[in-house]
Structures are given as C-alpha cells and as structure tokens.
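Asks: Submitted below is the structure of interest, expressed as structure tokens.
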Amino acid sequence: MTTTAALPSVFGAVHLGYIVIETNRFTDWHRFGTDAIGMHHDALDSGVTRFRLDDQECRFLLRRGPAEDVVATGWHIDDHAAFEQIEARIRAHGVPLVPGSAEDAALRGVERLLRFPGPKGITQEIYTTPRTAPDPLRMRASGFVTGEAGLGHIALTSSKPTRVRGYFNTVFDARLTDYIDETISGVKLKIRFLRVNERHHSIAVAATRGLPLDPIRTRVQHLNIQAATLDDLAQSYQRVGELGFDMALSVGQHTNDKELSYYARTPSGFEWEVGWNPLTIDETTWRPTTHQGISIWGHTPVGQTIVDKLDQFRRGARSLTRREDTVPALSGTGIPDD
C-alpha cells in the first residue's frame, strides 16, 4: 500500500459545499425551505429540486426517493492540486472512487465530480469550480454566511466516533476543535467537533459513553446553516412556528462556538439548525478543550413526549445489533481513543 504521510496537508482547501437529500415530501420541503427557513428555491423537474443560499447554483439538492435522509455531502476543493491529492490518498487506501456523470455534476452545479464511500452510508463527493447562478436570489432571508467557511456543518451520531474522526482526518486532514460533554435524559454524550477550515466545525460527531448506542433513526442528526443577521434568525424562528413545523430546540447559545441558534425538525425527520455569529478559529492560538453542556443558555427541548423518549431508547437498543459502516480503510490509525 502506498503511503501518503509525506504529502502536504489539504486543511483550509476544503469547504462543505452542498448536501444531497432523498425525500418523497417535496411539497413539505418546499414550504419548509422557502417559507420557513427563507432560502431560494429552484424546481428542476418532478423528481429533483434545489435550494440556494448564495450565488452558487446549488446548496441543497433534493431528489425523489424513500430514504428521508441525507444521502451525500459535497465538498468544494479549492484547486486541482488539492483535489488530486485527496483522490490519490483515497486510492492509496484501496477505496474505490466513481466519477460523477455530466448530469450529476450539472444537477449539483459543479465541475469535476468524484464520489466515494463515507461513514454511516453517506456518500462523500469532492468537486472543483462551483457554478454561479445567473438569476438573482429570491428569498425571505437577507442572506446566509458561506464563503471560505463553507456551507455550515453536518452532525452525526455514531457508535464508533474515533473511527469517524479518523476518516475525516485521513481524507481531509480535519483538526479537532474541541469536545462537549453532555447528559440528556440520563444518557451521557461526548461530542467531537472537527474543522477543515476557519469555521469552528464542519463535522460534529456525537456518541454515547459506555454502551455503543445510536438512538437516531437518520444518518444525520442535524444540518446547520448560518444566518447573515440576528433579524434573519429571529424571523425564521417565528415563521417555523407559524407555519406549523415542529421545533426541536428553542433559541439558545452554544458553549463552544458561542453561536446563537435554534433547531427545527425537517419534513424528513432530522433536525435543521439555523445559527448566527459563531466564532472563527485562529490557528495560531487555538487549543482543543472540553466544555460541559452544549448551551450557555436556552436550547430547551420543545414538544418531546415520553413516547418520543421511549422510541429513542428502542432505536438505541436495536443499534447494538446493527453494524455501523465506518469505511475501515479510511478510518485511520494514530488517533487515540477519547
């Protein structure tokens, strides 16, 4: 097996670019994305629809299907040299890559698309040169923060968090930002936050302490996007409630990245965090630490019943007998258990 240890780091050249969601609930997603969250919507045909946050053609691609979940994440790579470096290290570990078709690339609004297996069955896609849309944005929000920090972040639950962390370290040279220890309904959690650029984290990985449980039905626990203004955050929070969508957590402020945010429940069941004003990382001074609890204030659960808690317990128990795919060839060595 070829070693890639001597290759330079791609950290900083990687940005979360788009998310692919499979759903049959297009009407509900249209209302949720445009009327509640405030994004720009483009309906391409009966089986594909997209949301925009900025001048890029696609930030969320929804395709028709039964998963009701995230099925792929797209990562924008700054240049061809970094793209080829990531491609080489994946091939060196014996993991297959599949070129995206011209149609796949067009739907995502990108060029030079490659896909390969990712943790929890979420396909990872890398691309260069996102296309910009000629039409102006039509959306209820004044804007969203993307740019060098990327789209936002994706949060997973895992029974093998060290392997998930190792995967993103191997592929993207992800760095550990910090940890949060939290207890929810008597269950102790440890959450790892990983960054690939100046954004505090592009990936969060939550795991239960003790038994390797995974109580979440979907592959992702939540997605995050960053509102441009506090007014955008407050107004979308109000619209979510007025339009009858479920709120998972009320407005609050996180302990680690200091982001003000709320969590709504999407039509597919996973959560959607809208945040504002998280801190950015200064690589010259940052050191990983552990925070106690996810919130300084707020983030109060909304509408959770004892039935919901029992359902989570049953899912967690069933996960003990279910194999979690971590793509072992890319899960890395040299990262200590934590």
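The values are calculated or read from the model by the stated rules, or taken from the named source; none is laboratory data. This structure is a prediction, so every number in the text was calculated from the model and none was measured. As a convention, Cβ positions derive from the backbone with ideal geometry for all residues, glycine included, and neighbour counts pool all protein chains shown.
Condition check ((1) within 17 Å of the chain's Cα centre (by Cα); (2) of a type in the set (Asp, Glu); (3) at pLDDT 95 or above) across all residues:
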| position | (1), (2), (3) |
| --- | --- |
| Ala5 | no, no, no |
| Val10 | no, no, yes |
| Glu22 | yes, yes, yes |
| Phe32 | no, no, yes |
| Gly38 | no, no, yes |
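Asks: Mind checking which residues of the stretch 73-103 are within 20 Å of Ile154 (Cβ to Cβ) and out of contact with any helix residue (DSSP H, G or I) (no Cβ under 9 Å at 6 or more places or on another chain)?
Replies: Those that are within 20 Å of Ile154 (Cβ to Cβ) and out of contact with any helix residue (DSSP H, G or I) (no Cβ under 9 Å at 6 or more places or on another chain): Thr73, His76, Asp78.
Asks: Hey, can you tell me all the residues within the stretch 72-103 that are among the hydrophobic types (A, V, I, L, M, F, W, C), without any contact (Cβ under 8 Å) to a residue 60 or more places away in the chain and in contact with a strand residue (DSSP E or B) (Cβ under 7 Å, 6 or more places away or on another chain)?
Replies: The answer is Ala72, Phe83, Leu97, Val98.
Asks: Run down Leu114, Leu61 and say which single residue is touching an Asp or Glu at 6+ places or on another chain (Cβ under 7 Å), without any contact (Cβ under 8 Å) to a residue 60 or more places away in the chain and surrounded by 15 or more Cβ atoms within 10 Å (Cβ to Cβ).
Replies: Leu114
Asks: Does Asp231 qualify as being at pLDDT 90 or above, more than 22 Å from the chain's Cα centre (by Cα) and either hydrophobic (A, V, I, L, M, F, W, C) or surrounded by fewer than 17 Cβ atoms within 10 Å (Cβ to Cβ) (or both)?
Replies: yes
Asks: Tell me which residues, restricted to the stretch 288-338, are over 27 Å from Phe168 (Cα atoms), of a type in the set (Gly, Ala, Ser) and either modelled with pLDDT of 90 or more or outside the structural domain of Arg217 (by TED's automatic domain parsing) (or both).
Replies: Correct list: Gly298 only.
Asks: Go through (1) part of a loop (DSSP other than H, G, I, E, B); (2) in contact (Cβ under 8 Å) with a residue 40 or more places away in the chain; (3) farther than 25 Å from Pro8 by Cβ and name the single condition Ile154 misses.
Replies: Exception for Ile154: condition (1).
Asks: Just for the stretch 149-160: of the residues that are in contact with a His (Cβ under 7 Å, 6 or more places away or on another chain) and not aliphatic (A, V, I, L, M), which one is surrounded by the fewest Cβ atoms within 10 Å (Cβ to Cβ)?
Replies: Restricting to residues being in contact with a His (Cβ under 7 Å, 6 or more places away or on another chain) and not aliphatic (A, V, I, L, M), the top hit is Gly150.
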